[in-house]
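Visitor: Okay, here's the structure, questions in a sec.
The values are calculated or read from the model by the stated rules, or taken from the named source; none is laboratory data. Bear in mind that the values here come from a model prediction, so they are computed numbers and not experimental data. Here the Cβ positions follow ideal geometry from the backbone for every residue, glycine too, while neighbour counts run over all protein chains shown.
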Amino acid sequence: MDKQITSLCSQLGWGKPHSHYQIQSDIGTSTGLFWYEAGDIGDPRTDCFLQVNELECRDQARIVKAAVYAPRYRLCTGWHVIRFMMSTEESVLNEAVRLRQWLHRDNFTNLESRRKFRSNHPETTGYSWRVLRKYGPPFYVTVDNTKGIANVETHQSEKCKQAISNSDSPE
C-alpha cells in the first residue's frame with residue numbers, strides 16, 4: 001500500500017484506502033489508471049468516500065488529485081490537486097491541512113457539518129449519482145505534459161459555473 005496516500009487518507013479522517021487499477025485502452029495505446037478509495041463505498045444509498053487518483057505528470061513532485069463523493073447527501077467536492085513536494089510525512093501533513101476544509105471526513109459526518117459545508121461551498125451541492133454521470137463533478141483537473149514539466153490546472157465545470165451564477169444547485 002502506498003504510504004503517502006495511506007497517510008493522507010488518515011490525516012483527512014477517512015482511514016485506510018483500498019487501491020484499484022484499471023487498464024484504459026485508447027486507439028493504439030494502453031495506459032493504466034491507479035486510484036484509491038476510503039470511506040463508505042458500494043451501496044448508492046450510503047456512498048460517502050474520498051477518492052485519490054494518480055496523475056501522469058512529468059514533474060519533480062508527485063501529483064495526485066482527490067475528491068469526496070457523497071451522493072447520499074447530494075454533495076461532491078470536485079477534484080483538488082495535491083502535490084507531494086518531498087517524500088516526507090511533512091509534505092503529506094501540509095497538503096492535508098491545506099485541503100481540510102474541502103476533503104476532511106468531518107465535513108460529512110453529521111447534519112450540522114454538512115450544512116456548514118454546503119454554506120461554505122454551495123457549488124458542491126445537488127450532486128446525485130445521476131447528476132454526476134450527466135455533468136461530472138464541480139471541479140476537474142487537466143494535465144499538460146507537452147513542455148517537459150507538468151502544467152496542472154483545476155477548472156470549474158460549466159454546470160458548476162451556472163449553478164454558482166444562479167445561486168442554485170446543479171439540478
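Visitor: If only one of D2, D59 is surrounded by fewer than 18 Cβ atoms within 10 Å (Cβ to Cβ), more than 25 Å from N120 (Cβ to Cβ), modelled with pLDDT of 85 or more and acidic (D, E), which one is it? Lay out the reasoning, then the answer.
Guide: Numbers: D59 fails: modelled with pLDDT of 85 or more.
When all the criteria are applied, what remains is D2.
Visitor: Failed condition for D26, given (1) modelled with pLDDT under 90; (2) closer than 18 Å to T142 by Cβ; (3) within 17 Å of the chain's Cα centre (by Cα), with all others met?
Guide: Unmet condition: (3).
Visitor: Okay, next question. Check H121 against each of (1) surrounded by fewer than 16 Cβ atoms within 10 Å (Cβ to Cβ); (2) under 20 Å from F49 (Cβ atoms) and name the one condition it does not meet.
Guide: (1)
Visitor: Let me ask you something else. Mind telling me which of the residues R115, R130 ends up being exposed (fewer than 12 other Cβ atoms within 10 Å of the Cβ), at pLDDT 85 or above, among the basic types (K, R) and touching an Asp or Glu at 6+ places or on another chain (Cβ under 9 Å)?
Guide: Numbers: R115 fails: touching an Asp or Glu at 6+ places or on another chain (Cβ under 9 Å).
The unique qualifying residue is R130.
Visitor: Taking the residues in the stretch 78-107 that are crowded, with 23+ Cβ neighbours inside 10 Å and modelled with pLDDT of 95 or more as candidates, determine which candidate is farthest from K3 (Cα to Cα).
Guide: N107
Visitor: Just give me the residues in the stretch 62-77 being part of a strand (DSSP E or B), at pLDDT 85 or above and surrounded by fewer than 21 Cβ atoms within 10 Å (Cβ to Cβ), in sequence order. First the steps, then the outcome.
Guide: To start, the set of residues in the stretch 62-77 that are part of a strand (DSSP E or B) comprises 62-70, 75-76.
If we keep only those that are at pLDDT 85 or above too, we end up with 64-70, 75-76.
Of everything in the stretch 62-77, nothing turns out to be part of a strand (DSSP E or B), at pLDDT 85 or above and surrounded by fewer than 21 Cβ atoms within 10 Å (Cβ to Cβ).
Visitor: Is there any pair with a first residue in the stretch 1-17 that is more than 15 Å from Q101 (Cβ to Cβ) and without any contact (Cβ under 8 Å) to a residue 60 or more places away in the chain and a second that is in a helix (DSSP H, G or I) and of a type in the set (S, T, Y) whose Cβ atoms are under 8 Å apart and which are 6 or more apart or on different chains, and what are they?
Guide: Taking only residues 6 or more apart or on different chains, the pairs are K16/T6; K16/S10; P17/T6.
Visitor: Within the stretch 84-116, can you find the residues that are free of Cβ contacts under 8 Å to residues at least 60 places away in the same chain and closer than 21 Å to I41 by Cα?
Guide: Scanning the stretch 84-116 gives W102, N107, T109, N110, L111, S113, R114.
Visitor: Let me ask something else about it. Among what's in the stretch 39-56 and is assigned to a strand (DSSP E or B) and more than 16 Å from G78 (Cα to Cα), pick the residue that is modelled with the highest pLDDT. Even if it seems obvious, please write down each step before you answer.
Guide: Going through the stretch 39-56, the residues assigned to a strand (DSSP E or B) turn out to be 39-40, 48-54.
Filter once more, keeping what is more than 16 Å from G78 (Cα to Cα): 39-40.
On the way: G39: 92, D40: 87.
Top of the filtered list is G39.
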